[in-house]
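Right, one structure below, let's go through it.
The values are calculated or read from the model by the stated rules, or taken from the named source; none is laboratory data. Please read all numbers here as calculations on a predicted model, not as lab measurements. For neighbour counting, all protein chains shown are included, and Cβ atoms are generated from backbone atoms with ideal geometry for every residue, glycine included.
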2 protein chains.
Amino acid sequence: MTIDILLVDDHPVVRSGLRAVLEASEGLSVVGEAATGEEAVVLAEHLRPAVVLCDLRLGAGMDGIATTAALRALAPAPAVLILTTFDRDAEILGAIEAGAAGYLLKDVAPAAIIDAIQRAARGDTVLGPDLAARVIQGIRNPLPRLTEREHDVLRLLATGAGNREMAKSLLVSEATVKSHLVHIFSKLDVDSRSRAVHVARQRGLL
Amino acid sequence: MTIDILLVDDHPVVRSGLRAVLEASEGLSVVGEAATGEEAVVLAEHLRPAVVLCDLRLGAGMDGIATTAALRALAPAPAVLILTTFDRDAEILGAIEAGAAGYLLKDVAPAAIIDAIQRAARGDTVLGPDLAARVIQGIRNPLPRLTEREHDVLRLLATGAGNREMAKSLLVSEATVKSHLVHIFSKLDVDSRSRAVHVARQRGLL
DNA sequence: TCCCGTCTCAACCGTTCGATGGAGGCGCGG
DNA sequence: CCGCGCCTCCATCGAACGGTTGAGACGGGA
């Protein structure tokens, strides 16, 4: 019994590469390709693939996480495997939360991709060996969630804005901005705006 | 007469994709694949490809720019086309300086890649339509070059380090660090450390 | 030779930042 | 209803930062 697969990636070259790699394997069949998340959902409804291989970054429009959520809302829902170049905690964990069956780094060997797809088709979750531990640690030691407003401040912070500037952008007083900053610093365990931006980048919060 | 091509990319999937796309075209022949810059140079010496398609980011070891320089030092030198996901000024310009015949964004259509290779094989330079203008502007309006020491400071700055911390890392006094910072601010046309990091990122200086 | 760029350091001063310790309002769920 | 989290704001204060000016040392190039 062959496994039907839908590819979702905004790079034509990557799609071709995946198709070439997967179709060389017995039991795998690429039934469709999509360049955007929107396209992916439409195709998945018609083609009913068992597994969707989805890039985390999809240029404009829906990102991989939103696409995952939309795909998982279908009935029957395909298993979704996330493809990614970098392994940022926040994004990958977000994808898992959205219902992804696992994730793959793009630089793995073809055999590993095939293996992961077969597992996903069986309903298994496939997490990279290193990530499994991190997920567990993430549950045990949850990353502090920033509030909406704190995210706003963080984004401006990353552009190098000062307190006064942020206050104007967000239409609040400087005191409020400082208050948010204190909370951000506390949650990220840092003591300066520059370091906050640095660890926020590391954790994929930007 | 067929054009011999060497692929250099650390992602097996991308290599497969490029191979699939290129071999579907008449007159193009992929004669080899390399996952690292070092490997690429060795293979290029033996296979003597007319064109090398080289990713800008190559995981560990030599990056795309260093690889380009090494390839161009061969005799006869292959034409080098740079592949990249993001279009950061500094890196692309660096690759051009190192002797690249042009660059391609990874999300272009296969036809554009084939076209670029054919041009490169003829000795043409192929710059993206948008970049050509930027190169010209870059010549007219050269980006201020940071000195070695200023780069050191900038790197530490990006990690969120304070002046005292940087001084200790670089084994100089705080006054010296501040001096470098003033020069960096001036060259990047900013007025704060956070903003310096921001524009440095935009310009690919990190 | 002298100039110029780079790296090094110093002192001064106004501004911004980060820490602290509050306070009130608002919405949501127990 | 009451608590809790979030957002908003205030005042104060020491530490850090940013701008300025000036200067000595070293090396390469005109």
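On the basis of being within 23 Å of B:Pro12 (Cα to Cα) and surrounded by 17 or more Cβ atoms within 10 Å (Cβ to Cβ), does A:Leu104 make the cut? Give the derivation first.
Details: within 23 Å of B:Pro12 (Cα to Cα): yes; surrounded by 17 or more Cβ atoms within 10 Å (Cβ to Cβ): yes.
Here the answer is yes, as A:Leu104 does meet what is asked.
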Tell me, yes or no, whether the range B:71-80 has at least one residue that is part of a loop (DSSP other than H, G, I, E, B), among the charged types (D, E, K, R) and within 16 Å of the chain's Cα centre (by Cα).
no
Kindly indicate the residue of the range A:147-161 that is of a type outside the set (D, E, K, R) and within 10 Å of DNA strand D (Cβ to nearest atom) and also surrounded by the most Cβ atoms within 10 Å (Cβ to Cβ) among those meeting that condition.
A:Val153
Taking the range A:2-27 and keeping residues touching a Ser or Thr at 6+ places or on another chain (Cβ under 9 Å), among the acidic types (Asp, Glu) and closer than 19 Å to A:Arg57 by Cα leaves A:Asp10
Can you tell me which residues in the range B:27-37 are within 14 Å of another protein chain (Cβ to nearest Cβ), outside any strand (DSSP E or B) and either touching a Lys or Arg at 6+ places or on another chain (Cβ under 6 Å) or not polar (S, T, N, Q) (or both)?
B:Ala35
Within the range A:153-200, work out how many residues are of a type in the set (D, E, K, R), within 7 Å of DNA strand C (Cβ to nearest atom) and either within 13 Å of B:Gly160 (Cα to Cα) or within 12 Å of chain B (Cβ to nearest Cβ) (or both).
3
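Determine whether B:Asp4 is among the acidic types (Asp, Glu), touching a strand residue (DSSP E or B) at 6+ places or on another chain (Cβ under 8 Å) and within 28 Å of B:Gln202 (Cβ to Cβ).
Values: among the acidic types (Asp, Glu): yes; touching a strand residue (DSSP E or B) at 6+ places or on another chain (Cβ under 8 Å): yes; within 28 Å of B:Gln202 (Cβ to Cβ): no.
Here the answer is no, as B:Asp4 does not meet what is asked.
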Residue list for the range A:48-98, filter: at pLDDT 90 or above and at positive phi
A:Arg48
Which of the numbered conditions does B:Ser16 fail, given that it passes all the others? Conditions: (1) in contact with a strand residue (DSSP E or B) (Cβ under 7 Å, 6 or more places away or on another chain); (2) at the interface with chain A (Cβ under 10 Å from one of its Cβ atoms).
(1)
Only one of these is at pLDDT 90 or above and touching a Pro at 6+ places or on another chain (Cβ under 8 Å): A:Lys168, A:Lys178, A:Lys187. Name it.
A:Lys187
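Restricting the search to the range A:38-48, which residues are in contact with a Ser or Thr (Cβ under 9 Å, 6 or more places away or on another chain) and either closer than 24 Å to A:Asp124 by Cβ or in a strand (DSSP E or B) (or both)?
Within the range A:38-48, A:Ala40, A:Val41 meet the criteria.
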Kindly indicate whether B:Gly37 is surrounded by fewer than 22 Cβ atoms within 10 Å (Cβ to Cβ), more than 14 Å from B:Ile114 (Cα to Cα), touching a helix residue (DSSP H, G or I) at 6+ places or on another chain (Cβ under 8 Å) and not charged (D, E, K, R).
no
When (1) within 22 Å of A:Leu104 (Cβ to Cβ); (2) in a loop (DSSP other than H, G, I, E, B) are applied to B:Gly61, the one that fails is (1)
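Quick check on my filter: what residues within the range A:81-121 are of a type in the set (Val, Ile, Thr) and either out of contact with any Lys or Arg (no Cβ under 8 Å at 6 or more places or on another chain) or not in a loop (DSSP other than H, G, I, E, B) (or both)?
Just the residues of the range A:81-121 that are of a type in the set (Val, Ile, Thr), to begin with: A:82, A:84-85, A:92, A:96, A:108, A:113-114, A:117.
Listed by number, the residues that qualify are A:Ile82, A:Thr84, A:Ile92, A:Ile96, A:Val108, A:Ile113, A:Ile114, A:Ile117.
If we only count helices (runs of 4 or more DSSP H) wholly inside the range B:162-206, which ones have 1 or more residues that are within 11 Å of DNA strand D (Cβ to nearest atom) and among the hydroxyl-bearing types (Ser, Thr, Tyr)? Even if it seems obvious, please write down each step before you answer.
Numbers: elements: B:163-170, B:174-188, B:193-202.
Answer list for the range B:162-206: B:174-188, B:193-202.
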Is it fair to say B:Val153 is among the β-branched types (Val, Ile, Thr), in a helix (DSSP H, G or I) and at pLDDT below 95?
no
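Can you tell me which residues in the range B:1-18 are surrounded by fewer than 20 Cβ atoms within 10 Å (Cβ to Cβ) and closer than 19 Å to B:Arg119 by Cα? Outline the logic, then answer.
Step one: of the range B:1-18, the residues surrounded by fewer than 20 Cβ atoms within 10 Å (Cβ to Cβ) are B:1-2, B:4, B:10.
Of everything in the range B:1-18, those that are surrounded by fewer than 20 Cβ atoms within 10 Å (Cβ to Cβ) and closer than 19 Å to B:Arg119 by Cα turn out to be B:Met1, B:Thr2, B:Asp4.
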